[in-house]
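**Student:** Next up is a structure, given as structure tokens.
The values are calculated or read from the model by the stated rules, or taken from the named source; none is laboratory data. Bear in mind that the values here come from a model prediction, so they are computed numbers and not experimental data. In this analysis, Cβ positions are derived from the backbone assuming ideal geometry, glycine residues included, and neighbour counts consider all displayed protein chains. Calculation scope for accessible area: heavy atoms of the full protein, side chains included, ligands and nucleic acids excluded. Shrake-Rupley method; radii C 1.70, N 1.55, O 1.52, S 1.80 Å.
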Amino acid sequence: MSDGIMSKAATMEIPISSNGDTGSLPEDDGLEQDLQQVMVSGPNLNETSIVSGGYGGTAEGIIPTSTIKGSGLHQPHAGPAVGGEEVVRGIAVEKFDIVKKWGINTYKCTKQLISERFGRGSRTVDLELETQIELLRETKRKYECVLQLARALTNHFYSLVQTQHALGDAFADLSQKSPELQEEFGYNAETQKLLCKNGETLLGAVNFFVSSINTLVNKTMEDTLMTVKQYETARLEYDAYRTDLEELSMGPRDASTLCRLDAAQSQFQSHKDKYEKLRADVAIKLKFLEENKIKVMHKQLLLFHNAISAYFAGNQQQLEQTLKQFNIKLKTPGAEKPS
């Protein structure tokens, strides 16, 4: 293999040994989850077409279901009962074929998965891409922790602001009803009201921070990870059909085997194309996600720092300027609840 190829994210088949690292999950739990992933995509029996020729129907005899509406089905050479039987039989045949194909695919993928887990097979690995995927999952876990803490901070701070608001009202009431302490209660009431105003401004900034991090984690990152899951399923299918083709290639070359070999080659090529397309999709999404993450976090971390610093320094003007800088519009006073 040339240095040029080695420098890229080379895709290779890596034998699975029983001493290999199977990940952070216990082997049984990890295998069960992966098997569930294989089984979860069952056959779709709703979106089918109707074969008008029964078991012997050809491609020309396929009638889209949307064109059949009750008595609108016209059978020029057969009575309604006969035509209805053919339609029902056509649907049954097509759905049976779908279930059969799904069952074969599931069997091959399950066999491949178990073979990989117990060290009796090989899997295709793109080292660079899988490293990036694992890094994304780790980054998502850490950002979820930041998001959880930021939400907790927002909730606690909202409670503080509400308490200060109530305390300010109590001081103001006592200022009017306690002539001997009117001045002392009065300036404490004003202080609490000012703290409430600044607190609501800070809450606006932190809510914006929380909302943006939530979008990044639970929409942008999650969208990329959905494509990753599709890629991982395609990888398993690709290896399953590759293994199937290799096993057939090593067998006898009689007429029956050659026919099966041609079919296996065709299926392998189809799954290979799907796998390579999804691998390219994942690589592109990871690239754009990284660029978007840096852009979003640069803005949000600057906002968070400036807003917190201004609030605790008691710099009301700087706090308000921070919100203007990031185009954050506050809601009506007292309504800035945690997002």
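**Student:** Pick from 292, 327: which is surrounded by fewer than 19 Cβ atoms within 10 Å (Cβ to Cβ), within 31 Å of the chain's Cα centre (by Cα) and more than 22 Å from residue 221 (Cα to Cα)? Show your work before the answer.
**Tutor:** Numbers: 292 fails: more than 22 Å from residue 221 (Cα to Cα).
Criteria check complete, one pass: 327.
**Student:** Considering only residues that are touching a residue at least 12 places away in the same chain (Cβ under 8 Å) and open to solvent by less than 80 Å² (accessible area, probe 1.4 Å), which ones fall in the stretch 271-287?
**Tutor:** 271, 272, 275, 278, 279, 281, 282, 283, 285, 286
**Student:** In the stretch 138-156, which residues are loosely packed, with under 12 Cβ neighbours inside 10 Å and under 20 Å from residue 230 (Cβ atoms)?
**Tutor:** none
**Student:** List pairs: first in the stretch 245-266 and polar (S, T, N, Q), second open to solvent by less than 80 Å² (accessible area, probe 1.4 Å), Cβ under 6 Å, 6+ apart or cross-chain?
**Tutor:** What qualifies is 257/251.
**Student:** Okay, next question. Quick one: in the stretch 232-249, of everything that is closer than 21 Å to residue 260 by Cα and among the polar types (S, T, N, Q), which residue is modelled with the highest pLDDT?
**Tutor:** Among them, the one singled out is 243.
**Student:** Shifting gears a bit: Just to be sure I understand the filter: pairs with C-beta atoms under 8 Å, separated by 6 or more residues or on different chains, first member in the stretch 185-206 and in contact (Cβ under 8 Å) with a residue 60 or more places away in the chain, second member open to solvent by less than 30 Å² (accessible area, probe 1.4 Å) and outside any helix (DSSP H, G or I). Which pairs pass?
**Tutor:** 200/336; 203/336; 204/328; 204/336; 205/326; 205/328
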